[in-house]
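*Asks:* I am attaching a structure below and will ask some questions about it afterwards.
FYI, it's all coordinate maths here, none of it is from the lab. Note that the structure is predicted; figures quoted are calculated from it, not measured. Heads up, the Cβs are rebuilt from the backbone with ideal geometry, glycines too, and the neighbour counts pull from every protein chain shown.
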Amino acid sequence: MFETANISIFAGSGGRTFAERMCSYMNKPLGSCEVITFSEGNTFVRVNETVRDRDIFLVQPIGLHSNDEFVEILFWMDAFKRANALSCTLIMPYFGYGKGDKKDEPRVSIRARVCAECMELAGADRFVTMDLHAPQLQGFFKRPVDHLYAAPMLVEVAKRIGTENMVVVSPDAGFAKQARKFADALHLPIAIGDKSRTDHTENAQVLEVIGDVKDKNCLIVDDFTISGGTLVNLAESLKARGAKDITAMLSHNIISEKGVEKINASPIKMVYSTDTVENPNIVGQPKFQTVSVAPIFAETIMRYYNYQSVNSMFSKLPDNVVTAGFKFTGLQL
């Protein structure tokens, strides 16, 4: 039986719903805390209960409000450490600054490394995250990182919507390895888009599609979308090559309002994504459906404290995790 007596789970301003779902799965109350943003933009955080000698888990993605959420993490870690917490683990479902993972042009910052170092200096002892933009980002952290994957949950979604006459499509060569794992899990062929990005405008152009998509139902898989441009351009390229129904699946959904408009006007039939970021732009939108991965994070914590394998979940999720993931978001297929 899982013992939670020494564990306290708290939520930052961007992670409350996700934390509540984790706590519901673990049958544990959410810790009391508050965030105040003053009129000039300063952030103030306060823990409203004792954390002395406790293992603390803070749930906070770096998502739609990246700078505020990142700074808030630093203040939370400092607050917990100054209150004599035994350990501090950051549950960071989405690491938005993971996109800044390399110095590929002159005089730029490697932003992901800067963020990793700052969070560790502030007091984070361990990190749990999902689908980093590049797996080697784990090397930016000196502290342990548990890197989880959304694919097993999304695979369950794909099985329920049906995979007959389907091909998995990666939007570019960079995501092809992950897309191939997705395709292997569903026993499907794969196609790859040839994408070109020339600047930082969040717009990319799909130049070619490698693979047979004619008269096929296409399942586009990617880690995230902001503008929706890549998904729409790829969908249009697939349609031009004779594809039939087009569906997309994303690990994270941080799409903008304009991006939602693009998707709604596109050939894409439906976009399925996880709840790593609470995105108000997709609420009530008929082409967007969400499945929760909070149970995966909760199950990871439970297995960690029970000295059980986490790796076994990477290929096949327990039935109770899948059931809870669908229930929390009301997804019915």
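*Asks:* Along the Cα→Cβ direction, 7 angstrom out, place labels at Leu333 and Arg107. What is the inter-label distance in nm?
*Replies:* It works out to 4.9 nm between the two label points.
*Asks:* Provide the FRET efficiency to the nearest 0.05 for the Arg160-Asp194 pair, computing r from the beta carbons and using R0 = 45 Å.
*Replies:* 0.90
*Asks:* Also: For Lys81, go through the aspartates and glutamates and keep the ones whose alpha-carbon is under 15 Å away, minus same-chain ones fewer than eight residues off.
*Replies:* Answer for Lys81, where 15 Å is the Cα cut-off: Glu49, Asp53, Asp55, Glu72, Glu120, Asp125, listed by chain and number.
*Asks:* Along the Cα-to-Cβ line of Asn6, 7 Å from the Cα, sits a label point; which residues in the stretch 301-320 have backbone N less than 18 Å from it?
*Replies:* Output list for this probe position: 301-308.
*Asks:* Roughly speaking, what is the stretch gain from His187 to Arg82, that is 0.36 nm per residue apart minus the C-alpha to C-alpha distance, in nm to one decimal? Walk me through the numbers on the way to the answer.
*Replies:* Values: separation 105, 0.36 × 105 = 37.80 nm, distance 5.12 nm.
Taking His187 through Arg82 to full extension adds about 32.7 nm, to one decimal.
*Asks:* Now, a different point. Putting +1 on Lys and Arg Cβ atoms and -1 on Asp and Glu Cβ atoms, find which of Phe80, Val114, Tyr305 reaches farthest to the positive end of the dipole of the chain.
*Replies:* Result: Tyr305, furthest along the dipole toward the positive end.
*Asks:* I need the calculated FRET efficiency for the pair Ser309 and Thr50, taking r as the beta carbon distance and R₀ as 35 Å, to the nearest 0.05.
*Replies:* Numbers: r = 33 Å, r/R0 = 0.94.
My answer for the efficiency is 0.60.
*Asks:* What are the extents of the Cα atoms of the stretch 151-290 along their three principal axes, in Å, largest first?
*Replies:* 34, 34, 25
*Asks:* For the chain, set up a Gaussian network in which alpha carbons nearer than 10 Å are linked by springs, and say which option among Leu231, Leu219, Leu137 fluctuates the most.
*Replies:* Highest fluctuation among the options: Leu137.
*Asks:* Restricting to the chain, compute how many DSSP beta bridges are antiparallel as a %, nearest 5.
*Replies:* On the way: 10 of 50 bridges.
Among the beta bridges of the chain, antiparallel pairing accounts for roughly 20 percent.
*Asks:* Just need the relative contact order of the stretch 47-114 here, percent rounded to a whole number, with Cα pairs under 8 Å and 6+ apart.
*Replies:* That works out to 37 percent.
*Asks:* Another one. Stokes-Einstein at 37 °C, 0.692 mPa s, Kirkwood radius from Cα pairs: D for the chain in µm² s⁻¹?
*Replies:* Value of D from the Cα-based Kirkwood radius: 159 µm²/s.
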